[in-house]
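The values are calculated or read from the model by the stated rules, or taken from the named source; none is laboratory data. Quick caveat: nothing in here was measured; it's all calculated off a predicted structure. Cβ coordinates were reconstructed from backbone atoms using ideal geometry, including for glycine residues, and neighbour counts include every protein chain displayed. Heads up: the accessible areas ignore ligands, DNA and RNA and are worked out on the full protein's heavy atoms, side chains in. Shrake-Rupley method; radii C 1.70, N 1.55, O 1.52, S 1.80 Å.
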Amino acid sequence: MTTVYTLDLGYSPEGGSVHPVDRVRTLQSLDAAKVAAEQEAGKQLRWRWMEDRRVWRAEVGYQRAAEISEGTRVERIDVEVCLMS
């Protein structure tokens, strides 16, 4: 398994979470995800860790935010098939 960082950037009403429909992309490192968010936002962002939601979050503008969450990607799944008699 590989650790990946998912960047969501979009509408965030009243400080709520950014909806997954606003997913930008998944990257291989936290630093790369932060750089990508700043490129999308067009400015430097100030990140803070939100323990309760387990995301890095930065305010982008009025009711807009960037969020980075950590996840894992399975590289390979082995499957065996046999006939039952």
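Multiplying the sequence separation of residue 17 and residue 70 by 0.36 nm and subtracting their Cα-Cα distance, what value in nm do you get?
17.6 nm
Under a plain spin-label model, where a point goes 7 Å from the Cα along Cα-to-Cβ, how far apart in nm are residue 51 and residue 63? Reported label-point gap for residue 51 and residue 63 is 3.1 nm.
Result for the chain in a Gaussian network model with C-alpha springs under 10 Å: among 52, 22, 31, the largest mean-square fluctuation is at 52. Axis angle, to the nearest 10 degrees, between helix 30-41 and the longest C-alpha principal axis of the chain: 50 degrees. Note: relative contact order over segment 1-84, using C-alpha pairs below 8 Å and six or more positions apart, is 38 percent. Here r is the Cβ-Cβ distance between residue 78 and residue 40 and R0 is 30 Å; the resulting FRET efficiency, rounded to 0.05, is 0.20.
Rolling a 1.4 Å probe across the protein heavy atoms gives the chain an accessible surface of 74 Å² per residue. About its Cα centre, how strong a charge dipole does the chain have in debye, to the nearest 20, once Lys and Arg get +1 and Asp and Glu get -1 at the Cβ? The calculation lands at about 260 debye. Counting only protein heavy atoms and a probe of 1.4 Å, the accessible surface of the chain is 49% carbon and sulfur.
Computed on segment 1-50, the Cα convex hull volume stands at 99 Å³ per residue.
Shape class for segment 24-71: oblate, because the ratio a/c of the largest to smallest gyration tensor axis (alpha-carbon atoms, square roots of eigenvalues) is 1.5 or more and b/c is at least a/b. Taking 7 Å steps out from each Cα toward its Cβ at residue 26 and residue 2 produces label points 1.0 nm apart.
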